[in-house]
Structure formats: structure tokens, C-alpha cells
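Since the structure comes first, as C-alpha cells, the remarks are kept for the end.
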Amino acid sequence: MSTAKTLYDKLWDDHVVRVEEDGTALLYIDRHLVHEVTSPQAFEGLRIAGRSPWRSSSIVAVPDHNVPTTDRRKGIQDPVAKLQVQTLDDNCKEFGLTEFDMSDERQGIVHVIGPEQGATLPGMTVVCGDSHTSTHGAFGALAFGIGTSEVEHVLATQCLMQNKSLNMLVSVDGEVPPGVTAKDIVLAIIGKLGTAGGTGYAIEFGGDAIRALSMEGRMTVCNMAIEAGARAGMVAVDETTIDYIIGRPYSPDGEQLEQAKTYWRTLHSDDGAVFDKVVHLDASVIKPQVTWGTSPEMVVDISAVVPDPDAESDKVKADGMRKALAYMGLEPGTPIDEIAVDKVFIGSCTNSRIEDLREASKVAQGFKVADNVKLAMVVPGSGLVKKQAEVEGLDKIFIEAGFEWREPGCSMCLAMNADRLEPGERCASTSNRNFEGRQGQGGRTHLVSPAMAAAAAIKGHFTDIDKLD
Amino acid sequence: MQIFTRHTGIVAPLDRPNVDTDAIIPKQFLKSIKRSGFGPNAFDDWRYLDEGGPDIENAGRRINPDFILNQSPFDQATILLARENFGCGSSREHAVWALDDFGFRAVIAPSFADIFFNNSFKNGLLPIALDAAVVDDLFKRVSETHGLELSVDLEAQTVSCEGETIASFEIDDFRKHCMLNGLDDIALTLQHADKIKNYEDKRKQTAPWLF
Ligand code: SF4
């Protein structure tokens, strides 16, 4: 038998504490990220059972889903949301956990601040009560989302009962054309795999096009692994990874850094490692992507038209398409670049990092938001991203173009705070889910890259960024 | 956790693929810091014609008469029949709490999203994955016999209809054991506390920067 291992095999093996007869493993967790929505019931459970956190130093907590993106000094207006954020603050105080609260400049979306602080490191197991925890896999870590019962389990034991997934390699070969971003790559992957294509697998993203991405681009790709059904997505460690980590508050330094680097450089799939499934994509043919339906797999090129359910042979699929088109208020055959938008949202844990804001600002610079666009907003992923953007003057570019420049948080990605779509409103959004009602009941979401969202704001409809003059 | 051994109940058909957890329980209800009370808001956007919220009384709201769970006898259903990739999207366990609180004890579908699948076991809600063809057949049976009842036997790992076994399903031994006995898996894990400590000690030697 070959001893060659995949990256996932290595990460898994390094964290197994013990194995049950049926293969269920007790897996050790290095980093536990916590936010206000999925944790209160877990802390409550801990309290009722008279338990306390196993290793408090593994935890970093932050409120992000419910926080207002406008004037923070007024606090949270919604009393129910306010209580939830307050509950996180109280739990962190009671159990002595690190929290970046709403007044902390390091506050932001949990999946943005982990890497930003160096709290996400290669070779770690990272969990959070949030499906987009897959983001952290970009660092060669095993990172996945868990439910609230599992949050409580990790709090109490530092471990999780897990069944090993299968190995999948998604290789994006060659080079993407200019203007095509990490978001387009991952949407194209989901279009190919389908939203359940990765179910039961841990996906490693590889190939030249992935290697060529910055850490932020890799995070965007891994972020959406869950939209292909895979609980974990990951990218092998290389010098890009290591360069990004060095000097961050939580990352090692001195001798430990040298020791860590030696280990980190082993975090890749060995030559000859066997994957249960391998999928290849040709990077050179990927174009900017736009979703047209209510599932991220319902995605096409900007140059395409809205597809026709009558042309779909699978009956269940065709019915799904019809329901989606009815909800989205779209007719088959409509050119994507003729679809007008009412709102534009640039933000979320997929696309709210500094490079995303730079890309969008480049497109917006010198233009004005179109008259038919009621609201175009930019929500940085963290207080530190916001600060950096302001140092670079990006805020001014956005504001001059007519965008609103907001405080960090999840915002209109899921509309738990005041930022939301009204029924029937159509939005170009850089987030990761276009489910029914995701951005507000009756709201219609089209997922795009930051550059494509900015272009849609300027034109008032989707447009190929290549054609923007 | 609730014990699950055998259960017989009315089946409600939800005939669409990729039912996501946002649909099962919309985000506004996630502001609650409790584990219970989500049942009246399960599938809220489909179940009501007006918008609901954590501070809105459901009693005065406009019911969507076309939605299956608003129709008798499906409002009494305890088994949900669904299509592939059920429970995809957000990790919110609130989705399982909402189904449980509505009265569901089992969900049958060709496939489930991983996180939802895990969350279900933690709450005594049994997710049963059956072949797409079998699920198709069940949808047919449900449409032919109004208020059809199915029986689920976890011990035997079977689904039966009027005494006839129509399918058997797979489940990990460990999960089955926990569910049959209603075990608290935190207590189970803590029985291995010494192993966890040993692991930590070793890891502190090989990867000290993690501590
Ligand atoms: S930005 Fe959106 S997807 Fe990301 S953690 Fe927040 S709500 Fe979830």
C-alpha cells in the first residue's frame, strides 16, 4: 500500500485522539471561533451541566451577524439582537474568553478576523458554529462549520466526534483571463460540481490558477466550498501562505516560527496521493460569473442568457429551475447583462477583505452609481480592513461614486440587522448565498465578484467589466 | 437527547430539492438565545403570507393555504419526505430545533447536507437517506394515499408501510447506539479525558506554538 497521503489525510491523522470501532474518531480542535448567533445555547448547556471550557485560550469570540453597520455609538436598536450580542459579551466575561466586542477596532466578521489576527494557522483544526468556517482551509488547515451542540461539545472537551470524509481534488489548471477573480473561479467550480457535488468530501483546491491566487483569493475560494456541499475546503501551504502569516498578533515568532515553518512546509498532498474523486477545470475559459437562481449552482457567464427549464431533462431539476425563475422574476432567454439591479452589496466573509475593496474601488473610481440603483453599500470585513481602506483613500472613492461606506459586520449577507432587501428588490451581491429570502424576505440575490458588483452599481445592470469604459 | 427506537406517523411530502436551512428557519428567528419555541416558525416564509419575526405573534398572521404543512392531516405529520441535498446552507442547528419543535421525528430524503445531518443526531431527529428511486416511490405513495403513515424502526434500520418493509437504511453504529439510548455525547467524550490530555501533552512537544 502506498504511504502517500493527501493534505486532508495528514491534517486528520495529526488530530485523532482515539477511534471507535466503527471508525468514528475523536478529533482534537486547535482553534474555536465563536459568534453570537450559534453560541448562546451552547454556553447555556455548559452552565446547566456545571462544565467549563476545556481550553479557554483556543477561543476567539466576536459579534458579527447582528451588529449595526451604521453609527455604532447608538448601540443596537433591535432589543432581541441586542440581548444576543450582550449574551455573548456576558458569556465571554463569565468564562474568561477573548472577545473583540463591538467597540473593539479588531471586531469584524469571524472568518475575516481569524486569519487577520494570525489566529488561523496551517496545520490547525479550526471550527466555528458557522458553515463558512471552510474559509480557514485556505491556510492548509482543516476547518469546518459545526452546529450548536457541537459548539458545546468543543467547549467542554476540546474535541469533536467525526467521521472522515472522502478526498476530492479540484484542480483549476492554467491561467485565468484578466478580470477573472477568485470569486469567478469558485462560482465556476460550483456550477460544475453542483451544490451537493461535494457532499461527503473534503475538497483540496489545487492547480496553477489556485497557486497563483493571493491568500485572500484562496480564502474566497475555500469560503464557498460549503456551497458545493463540502464541509471543508483547503489549499496546500506554500510561501504565499507563510508570508501572509508572519508578523500577525497570534502567529509564532523566533525559534517557534522556524520550527513551525518546517512543519507547515509538509502540509501538501504527497506525490502519488490518491483522491477518491478528481475534477479538472480549465482556468483559461472561465469568465466573470453571475448567478441567476436561488442556489449557487444556478450560475452562468456574464455573456450568457437565463437558462430554459424546458431544455433540462431531469424533471426534479427542471421544477427547481421553474421555482427559482418565478421567485427571481426572470424569463428564460433574458441576456444576463440586461438584468437591472436595485441594490448593490459589497461585503461578507467571501469578499470584504482589503483586496476585494481595492478591486471594487478600481472599477468605481471616477464613476457615479446609476440612478436606478437605490442603495449601493460597501461593508468592510473588519475594523482593521476598514482602517486600511481609509488609509488608502478607498472610502473616498466609494463615497464620491455614491456608495455608502459602513461599519464592519455580516450586514446584508444575511440581513439579520437592519440592512436588507425589500420584497422583489434585486441585488448584485458579493456574498455567498442566493437562497430565497436570504437578503430579506422576497429579495432577489445575484452572486458576483466585487468588481462585477461595482460595475453593476455604475451601469445599473450587470455588465462585463471588460466592456466598462 | 431524546431516545429514538421506533416511530410511526403521518408523512408530509416537501417536493423540492436543495431545501436550505434558511428556508427551514429564516434568520430573524436566530436572534433567540433559547433552544425551543421555533416550531411555529418552521418554514416561515412558505408557511405564512406575511412577514414574521421573533416579536410577532403567529396567531394573527395570514396562513398560506397552499403550503403542505398548513393542510390537514399534514399539519400533524411527524415524518418529512424531501428531495436531495436537504438541509444545505447555514450550519444553524435552529433548523433541527424547528423541525423537532414542529413535531417531526424523522426526515427521509435521497441525500442530506453534512452539517444538518450531524445536527439532527444531536437532537434525536433521525435523518434517513434512501435511494432516489425509493424516495420517488414514496412521493407517489403519499400522493395516492392521503395521510399515509410510515413506520421507522431504528433498531432494525427499516422503513415500512402498512406492515410491509419497503426499504432499509444505513447508519453508523456509534450514532445508532447514542440515539437508541439517548446518550449525551459530551459525557461520553469526557470518559476519555485522559486520552485528550495525553494528546495535548504530545502536541505541546511537537507544535508548541499552538498552545
Ligand atoms: S458574512 Fe454572511 S456568510 Fe459570512 S459569516 Fe456572516 S452571515 Fe455568514
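Only the coordinates and a few stated rules stand behind these numbers; no lab work does. Everything quoted here is computed from the prediction, not taken from an experiment. For neighbour counting, all protein chains shown are included, and Cβ atoms are generated from backbone atoms with ideal geometry for every residue, glycine included.
Can you tell me the orientation of helix B:132-144 relative to chain B, as the angle in degrees between its alpha-carbon axis and the longest Cα principal axis, to the nearest 10? The angle comes out near 30 degrees. Cα centroids of the range A:265-308 and the range B:1-46: 31 Å apart. On alpha-carbon atoms, Rg over Rh for the range B:33-81 using Kirkwood Rh? Answer for the range B:33-81: 0.97.
Once you reduce the range B:169-207 and the range A:100-175 to the center of their Cα atoms, the two points are 20 Å from each other.
State the answer as a single residue: which of A:PRO53, A:MET328, A:VAL344 lies farthest towards the positive end of the charge dipole of the protein assembly as shown, with beta carbon charges of +1 for Lys and Arg and -1 for Asp and Glu, about the Cα centre. The listed residue farthest towards the positive side: A:PRO53. Across peptide A:37-46, the mean count of Cβ atoms from other chains lying within 10 Å of each residue's own Cβ comes to 4. Among the trypsin sites (Lys or Arg not before Pro) within the range A:341-437, those in coil by DSSP and having at most 14 neighbouring Cβ atoms inside 10 Å are A:LYS368, A:LYS374. Looking at the range A:170-307, the pairs of alpha carbons with a distance over 28 Å make up 23% of the total. For the range A:10-90, the share of alpha carbon pairs falling in successive 5 Å distance bins from zero is 3, 12, 17, 17, 15, 13, 10, 6, 4, 2, 1, 0 percent.
The protection proxy used here, the mean number of other Cβ atoms lying within 10 Å of each residue, ranks peptides A:316-328, B:80-92 as follows, highest first: B:80-92, A:316-328. Counting only DSSP beta bridges with both residues in chain B, the antiparallel share comes to about 50 percent.
For the range A:1-143, what mean projected area does the convex hull of the alpha carbons give, in nm²? If I average the Cα hull's projected area over directions, I get 10.6 nm².
Rounded to the nearest 5, the antiparallel percentage of DSSP beta bridges internal to chain A is 25%. Classify chain B from the C-alpha gyration tensor, please: rounded if a/c falls under 1.5, else prolate or oblate depending on whether a/b exceeds b/c. It is oblate, given that a/c is not under 1.5 and a/b is not larger than b/c. Relative to the longest principal axis of the C-alpha atoms of chain B, give the angle of the C-alpha long axis of helix B:193-206, reported between 0 and 90° and rounded to the nearest 10°. Once rounded, the angle reads 60 degrees.
Cα extents for the range B:135-211 along the principal axes, largest to smallest and rounded to whole angstrom: 64, 25, 18. I need the shape label for the protein assembly as shown. Rule: rounded when a/c is under 1.5, else prolate if a/b > b/c, else oblate, with a, b, c from the alpha carbon gyration tensor. In terms of gyration-tensor shape, rounded. Given their separation in residues at 0.36 nm each and the Cα-Cα distance between them, A:PHE95 and A:ARG211 gain 37.7 nm when the chain is fully extended. Counting only Cβ charges, +1 for Lys and Arg and -1 for Asp and Glu, the dipole size of the protein assembly as shown around its Cα centre is about 1100 debye. The alpha carbon gyration tensor of the range A:262-405 gives principal lengths a ≥ b ≥ c with a/c of 1.5 or higher and a/b no greater than b/c, which makes the shape oblate. Using 1/(1 + (r/R0)^6) with R0 = 51 angstrom and r between the beta carbons of B:ALA132 and A:GLN259, what's the FRET efficiency to the nearest 0.05? Once rounded, the FRET efficiency stands at 0.50. In the range A:393-469 the Cα-Cα distances spread across 10 Å bins starting at 0 as 19, 46, 31, 4 percent of all pairs. The range A:334-376 to the range A:409-440: how many Å between their Cα centroids? Computed from Cα coordinates, the inter-centre distance equals 14 Å.
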